[in-house]
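The values are calculated or read from the model by the stated rules, or taken from the named source; none is laboratory data. None of the values given here were measured: they were computed from a predicted structure. Here the Cβ positions follow ideal geometry from the backbone for every residue, glycine too, while neighbour counts run over all protein chains shown. In case anyone asks, the SASA skips ligands and DNA or RNA and just uses the protein heavy atoms, side chains included. Shrake-Rupley method; radii C 1.70, N 1.55, O 1.52, S 1.80 Å.
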Amino acid sequence: MDTKLRQVYLVGGAVRDALLGVASNDEDYVVVAETVETMLSLGYQAIGTDFPVFLHPVSKDEYALARTERKSGSGYTGFTIDASISVTLEEDLARRDLTINSMARDTNNKIIDPYNGQTDLKNKILRHTTAAFSEDPVRVLRVARFLARYGEEWTIHPETYQLMLDLKDSGELDHLVPERVWRETEKALGEQHPHLFFKALTGLGIFPEVDVMQHIPQSAKHHPEGDVYKHTLLVVKRAADLKFDLETRFAALTHDFGKANCYLANGNLYGHEKRGLRVIKQFCDRLKVPNRFRNIALLTSDNHTKCHTIFALKPVTLHKLIVGQINALKKPEIFQQFLQACLCDAQGRGDLFVDKPYPQAQYAEQIVDQLNKLDRKKIIQQAVIDGHQGPAIGNAMRDAEINCISHYVKSFTA
């Protein structure tokens, strides 16, 4: 902290995390009873456009003038800001989303906690700080993300959840900016319990593709866990439990997006793999989802049942899947993400399945290992000697790859 400032406080997440005994990524400070001119004279660099925020000249930590916010329009940008010297620390803390984020610590390490954040932290409750919670629809996403961070032992306070419902009913959630929704979603996917993010937001209309999964039945033999909604949350949970990357977790979320569409149209789930492609594209277009997420999601939706039944596939079909559609030889990382998403799909079906082996993945990997051992230079040279050129050389390579797969399949089943 800067001793030249008369009233400066560590605030928000850093205080919360210290009380939880976990490391904090950054430290934010609030400065009370100072002006922009004073901050600049002390060497702070102004970075705020909507309100006065500065970077410390040495540590580069963020220092913001204490402020209040008054709702003046729709969405999370419709605010009038007051950062005058009369704004108190308590008034600044009052504008924050949750009580556990509305604490401060002074230069003597004293905790200032006017909204009982420490009590809620102890009792594992996510509670809005004041009625100002309803002025920013992004806070609905943040509540869900904190639940995804902390886990099922935590609860959203009933009054806070009612405010979330009220924001839906008032239409305020309709003003959520797509890029901001995706930003919070991507962060939530990286938390320890990402399935709780989507569970907390179910019914609020933010993710209609997830909402519609509720009560879509599945075969009890293959899905004893219940409907498509329950299955999807378990698949996302499994991906997080296995610490798979964000793209794999997104593929886990979206892999059955076609099932509700299929069932509502036809009364069954046949063909949900292909139907899911359009739903995923619409989801990604709406939220401006980056292509690296979109591509693995589409690949997984289209091919996950083929992976489950891989032992029954003929060499030509295996080649089309592994070399043609997945492009596993040139994109091994995407190949692994695909197999991991399929593994989560197979194991995300309740306690009886969660640790069940998934030999399909090893089988696919061994096929790729065999393909990688091919002497491709020699195959091309022989094709040229045989008088092939242009596309015919590519066909010769394809035939060699299929023959390689065929030999492996025969040896595997022998």
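Some values worked out for this structure:
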read-out	value
Net lengthening on full extension, Lys60/Asp245 (0.36 nm per residue, minus Cα-Cα)	63.6 nm
Per DSSP, loop trypsin sites (Lys or Arg not before Pro) in region 190-232 with at most 16 further Cβ within 10 Å	Lys221
More than 23 Å apart - percent of Cα-Cα pairs taken over region 320-414	39 percent
Set of aspartates and glutamates with alpha-carbon distance to Lys306 below 16 Å, sequence-local pairs under 8 removed	Asp256, Glu273, Asp345, Glu365
Read-out mean projected area of the Cα convex hull in nm², derived from the coordinates shown; its label in [x] 27.5; [y] 26.3; [z] 18.3	[y]
Asp241 - accessible surface, heavy atoms, 1.4 Å probe, Å² rounded to 10	70 Å²
Dipole axis of region 271-320 (+1 Lys, Arg; -1 Asp, Glu on Cβ), positive-most option in Leu299, Phe283, Ile310	Phe283
Dipole magnitude of region 116-254 about its Cα centre (Cβ charges: Lys, Arg +1; Asp, Glu -1), debye to nearest 20	500 debye
Computed FRET value (nearest 0.05) for Ala46 with Leu165, which takes r as the C-beta separation and R₀ as 35 Å	0.35
Selection from Ala239, Ser134, Gly267, by position along the positive dipole direction of the chain (Cβ)	Gly267
Dipole of the chain, positive direction: furthest Cα of Ile47, Tyr115, Ile81, with charges on the beta-carbon	Ile47
Helix 332-347 axis, angle to the chain major axis (alpha carbon atoms, nearest 10°)	80 degrees
Rounded tilt (10° steps) of 376-385 against the dominant C-alpha axis of the chain	40 degrees
Carbon and sulfur %, accessible surface of region 328-385 computed with the full protein complex present, 1.4 Å	54 percent
Disulfide-incompatible cysteines by the Cβ rule (no partner under 4.7 Å) in the chain	Cys262, Cys284, Cys344, Cys404
Cα gyration tensor shape of region 276-357, rounded if a/c is under 1.5, else prolate or oblate by comparing a/b with b/c	oblate
Only Lys, Arg (+1) and Asp, Glu (-1) charged, at Cβ; the chain dipole about Cα centre in debye	1760 debye
Highest to lowest packing among 55-67, 243-255, 365-377, scored as the average C-beta count within 10 Å	243-255, 55-67, 365-377
Ranked packing of 23-30, 298-305, most packed first, by mean Cβ within 10 Å	298-305, 23-30
Relative contact order [Cα under 8 Å, 6+ residues apart], the chain, whole percent	9 percent
Total charge dipole magnitude, region 22-127, about the Cα centre, Cβ charges on Lys, Arg, Asp, Glu only, Debye to nearest 20	380 debye
Helix 257-266 vs. the chain, principal-axis angle (Cα, 0 to 90°, nearest 10)	70 degrees
